[in-house]
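Notes to accompany the following structure.
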Amino acid sequence: MRRGAIEYCVLALLRDGPRYGFELSRALAEADSLVTSEGTVYPLLARLRQDALVETFWEESSQGPPRRYYRISKDGRVALDAFTVQWRRFREAVDQILEGKAS
């Protein structure tokens, strides 16, 4: 379940502005260890780019080589909005069952 949600977590992080891969990896690790290695994030970013959910651009860095930045695309925003609706329904249904409120 976590694997399927992480791509939408990445899109949500990009909703606020462009980030480079290591930034995304660090933010996911800080969010209760959603991702523990950069080796998980970069293949995911490549898939998101291939699916046109993110766009990339290069920017010079004052601390080394240029960095590839990722930003959410229009299609990515649509996918994130749809996932958010589905996630809330799913979470509410699970909460009801866990709290013993299911019929």
Selection count where residues are exposed (fewer than 12 other Cβ atoms within 10 Å of the Cβ) and either assigned to a helix (DSSP H, G or I) or at pLDDT 95 or above (or both), scope the stretch 6-23
1
Any residue that is at pLDDT 95 or above and hydroxyl-bearing (S, T, Y) - is there at least one of those in the stretch 52-62?
yes
Test: residue in the stretch 24-34 that is surrounded by 12 or more Cβ atoms within 10 Å (Cβ to Cβ), in a helix (DSSP H, G or I) and modelled with pLDDT of 95 or more:
no
Pairs please, first residue from the stretch 51-74 and within 10 Å of R19 (Cα to Cα) and in contact (Cβ under 8 Å) with a residue 40 or more places away in the chain, second anywhere and in a strand (DSSP E or B) and of a type in the set (S, T, Y), Cβ atoms under 6 Å, 6+ apart in sequence or on different chains.
R67/Y20; R67/S61; R68/T56; Y69/Y20; Y70/T56
Hits in the stretch 54-96 (condition: surrounded by 13 or more Cβ atoms within 10 Å (Cβ to Cβ) and basic (K, R)):
R67, R68, R71, R77
Looking at the stretch 35-53, which of its residues are surrounded by 15 or more Cβ atoms within 10 Å (Cβ to Cβ) and assigned to a loop (DSSP other than H, G, I, E, B)?
V35, L53
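The values are calculated or read from the model by the stated rules, or taken from the named source; none is laboratory data. Being a predicted model, the structure only gives us computed values, none of them experimental. So basically every Cβ, Gly included, is an ideal-geometry build from the backbone, and we count neighbours across all protein chains shown.
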